[in-house]
Every structure is written in structure tokens, then in C-alpha cells.
Amino acid sequence: MNRYLVTGGAGFLGSHLCDRLVERGDDVLCVDNFFTGDKRNVAHLLGHSRFELMRHDVTFPLYVEVDRIFNLACPASPVHYQHDPVQSTKTSVHGAINMLGLAKRIKARILQASTSEVYGDPEIHPQTEDYWGRVNPIGMRSCYDEGKRCAETLFFDYHRQHRLEIKVVRIFNTYGPRMHPHDGRVVSNFIVQALQGQDITIYGDGLQTRSFCYVDDLIEAMLRMMDTDADFTGPMNIGNPGEFTMLALAEKVLALVGGRSKLIYEKLPADDPKQRQPDISLARKTIDWEPKVGLDDGLKETIAYFRKLLAA
Ligand SMILES: NC(=O)c1ccc[n+]([C@@H]2O[C@H](COP(=O)([O-])OP(=O)(O)OC[C@H]3O[C@@H](n4cnc5c(N)ncnc54)[C@H](O)[C@@H]3O)[C@@H](O)[C@H]2O)c1
């Protein structure tokens, strides 16, 4: 049994991670400021003897005793991180400094939830971990992309300078139950629009592609990464390499939800990457992992979740 700190633990990914850790017998301290997270995501864990929830903003120092830290605190969707871009950068950068400082003091292993956005609008496809990316440093998405890049830098400097045991995963688009219904991310957007009988909004011509990983697959990869040998740092891509156009995704959602929604087209937002696909060779080799849940099965679970949420 280990004592884990999960920052951003009341969010979409964090709450699934808390579930898995408690389920397998670990102790979990979930820390969140509830900016985009929701107590309801972890309400079922509240009475559990191995689970504790603490309201705390990671831009301020934290003094707790744990063995391992998963650092997930950060709004992940453009509508949320652009709402207060300065705070978003602070969450990534000051949050990383505070959590790394904590890890150093208590000699804890620490994992950073980084993102495929560190690759920006990539010139190579699919993206391997040795690609340095093509990121606009002054655009609307920079508070997130550059914040996450700087957090990676801090992780590697703490590793080089203080011999901290670090793990960095670069997460590609992930979906599943407990996504925020109004986060503007494409999967939740399409599902909520289809369930409410509204038209489905496609940005651009809908031919830009994304790959989508189901949350259970992703959490399994994060847990395996945390358990890798002490000297393995990553960065390591995790995501589903299966690629779909936005148009194909919209049609799939529509077919699974039913209803009469039509597809409508709007202008592509600035800096929206045209193509994004992980190369997961390193994850295959190092943690013997690849995604197992197909898009149809994952979408069915996610649609069932949103159906219940919208009916409540
Ligand atoms: N979901 C994805 O597809 C995806 C892709 C790439 C990277 N990630 C990364 O994974 C992590 C989790 O993402 P998610 O999809 O669960 O998003 P989310 O918004 O559901 O979760 C983020 C959580 O962090 C909390 N938070 C935000 N600022 C905080 C602060 N200053 N102090 C404490 N808590 C704070 C939020 O309240 C929320 O509970 C993020 O770091 C995100 O960048 C997610």
C-alpha cells in the first residue's frame, strides 16, 4: 500500500485515477480547488477510509506526507483555460514548482500529466516523444501549451539537479464519463448536442483528425508509468493512435444517440491543430500497454453517462 496525492483529483481524469487507487488498496489524498472539477465526481469515495478530499489551490504550497504524487491539477479545455489565462499558466508553472518542492522535501516519486499540446501544430505525424513541437508562444492557447512545456522543463530540471524520481506522460485526447458537459471538447460537445436534439457544430470542414482514448485505458497507462523503474522518466505519449475525422466522429455519435440533429459548420478557431496522433511505440515497449476500448464501446459508456446527467 502506498499513500498517493492526486492533484486535480475531482476532475475528469483525476476522479477515475482516485477510483482505481482506492479500489486496489492504496491511500488517496485528493486535492482540488474545484475550478473545473466537481465534488460529485468523487462523492462515492467520501465515506471510504482510504480516501480524503482537500480543497486547495496548487499555486500555493502544500505540506502533506505521501509516498507518490500524481500532478493533474490544470484546466484542460480551451473554454476553461482561456477564461483566466494568467491563472492557467500559474496553475501549470507554480503548481509544478510547489508539487516538485513537496516531492523533494518528502522524497516522493512524482508524475506529471502533460499533454500532446506540447507538440503544438506538428510538422511530423504521428508525433514521437523526441519531436520538440511547433507551438505559438503568444497565441490564445499558449497559456496552456507553454505552461505545460515549462512544467515539463521544471520536472526535468528537478530530476537533473535534485535527482528527483519523475515521470512525464503526454496525454492525447481522452474521453469518457465525468467529462465536463460544457467544456467545448469535441466528444462531449457532439454527445450533448445530439442528446439535446440540437444541431452538431463542426469547426472548419470537419476533415481535421483526432485520436480519442477511452479513460479506462488512459488511467491504466498512468498507473503503469508510475510503477516503472526509478531511472525511467519519459516523456511518454499515451493515447489511442486510431484516427478519426471530426465528421466521422459526429456521424458515429449521431448513429449511437439517434435523433434528428443536423451537422452545421463554423469557422475553425485560431491555432487549432489539423492533425494529432500519438506514436505509442515507447508505451508499448516500456509498459507493455496499448488501448483496448474501441470507439463504439467507449462512446456508448460516455453517452449513457451524459444521458443520466442531463436527465438529473
Ligand atoms: N482529458 C484530456 O484529454 C487531457 C489531454 C491532455 C492532458 N490532460 C491533462 O490531464 C489533467 C487532467 O485533465 P482533465 O481532463 O481531467 O481536466 P479537468 O478540468 O476535468 O481536471 C482538472 C482538475 O484540476 C483542478 N484544478 C484546476 N486548477 C487547479 C488549481 N490551481 N489547484 C487545484 N486544482 C486545480 C480542477 O478543478 C479539476 O478538478 C490536466 O492536467 C490536463 O492538462 C488531459
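Quick notes on this one:
- In this structure, the residue pairs whose Cα-Cα separation is over 25 Å, taken from Lys267/Lys308; Lys90/Lys167; Lys167/Lys285; Lys107/Lys292, are Lys267/Lys308; Lys107/Lys292.
- Global geometry of segment 35-117, whether rounded, prolate or oblate, following the gyration tensor of its Cα atoms and the 1.5 cut on a/c: oblate
- Between the C-alpha center of segment 54-124 and that of segment 241-312 there is a gap of 25 Å.
- Using alpha-carbon coordinates, inclination of helix 12-23 to the longest axis of the chain, degrees: 50 degrees
- Taking label positions 7 Å along the Cα-Cβ direction at both Cys150 and Glu266, the computed distance is 3.0 nm, reported to one decimal.
- With a Förster radius of 45 Å applied to the C-beta separation of Thr128 and Lys308, the computed FRET efficiency comes to 0.70.
- Prolate/oblate/rounded call for segment 86-149, Cα gyration tensor, a/c under 1.5 rounded: oblate
- Kirkwood Rh in Å, taken over segment 1-139 so that all alpha-carbon pairs contribute: 15.9 Å
- FRET efficiency for His83 and Glu23, using Cβ-Cβ distance with R0 set to 25 Å, rounded to 0.05: 0.15
- Antiparallel content of DSSP bridges confined to segment 113-262, in %, to 5: 25 percent
- Whether segment 244-283 is rounded, prolate or oblate, judged on the alpha carbon gyration tensor where a/c under 1.5 counts as rounded: oblate
- When the chain is treated as a Gaussian network with alpha carbon springs shorter than 10 Å, the biggest mean-square fluctuation among Leu111, Leu100, Leu154 belongs to Leu154.
- Residues Arg284 and Asp67, FRET efficiency given R0 of 30 Å [Cβ-Cβ distance, rounded to 0.05]: 0.60
- Relative to the longest principal axis of the Cα atoms of the chain, helix 186-195 runs at roughly 50 degrees.
- Antiparallel bridges, percent of DSSP beta bridges restricted to the chain (to nearest 5): 10 percent
- Here the chain is described by how far its Cα atoms reach on the three principal axes: 56, 46, 38 Å, from widest to narrowest.
- Dipole orientation for the chain: of the candidates Tyr131, Pro61, Pro177, Pro61 has the Cα lying most toward the positive pole (charges on Cβ; Lys, Arg +1; Asp, Glu -1).
- Charge sum, other residues only, whose C-beta stays under 12 Å from Val257's C-beta, Lys/Arg counted +1 and Asp/Glu -1: +3
- The chymotrypsin sites (Phe, Trp or Tyr not before Pro) of segment 1-102 that DSSP puts in a loop, and whose beta carbon has at most 15 other beta carbons within 10 Å, are Phe34, Tyr63.
- Mean separation of Cα contacts under 8 Å, 6 or more apart, over the residue count of the chain: relative contact order %: 17 percent
- Within a Gaussian network of the chain (alpha carbon springs, distance under 10 Å), most fluctuating of Val215, Val22, Val64: Val64
- Available extension along the chain between Phe60 and His162 is 34.6 nm, counting 0.36 nm per residue and deducting the alpha carbon span.
- Springs join every pair of Cα atoms under 10 Å in this Gaussian network model of the chain, and among Thr153, Thr128, Thr36 the largest mean-square fluctuation is at Thr153.
- Sorted largest first, the spans of the alpha carbon positions of segment 168-265 along the three principal axes are 53, 25, 20 Å.
- Principal-axis tilt of helix 246-257 within the chain, Cα atoms, nearest 10 degrees: 80 degrees
- Lys252-Glu220 pseudo-label distance in nm [points 7 Å out on the Cα-to-Cβ vector]: 1.7 nm
Taken together, the values in this text are just the output of simple stated rules run on the coordinates, not laboratory data. These numbers were taken from a predicted model, which means no experiment stands behind them. Here the Cβ is made from the backbone with ideal geometry for all residues, glycine too, and neighbour counts use every protein chain on show.
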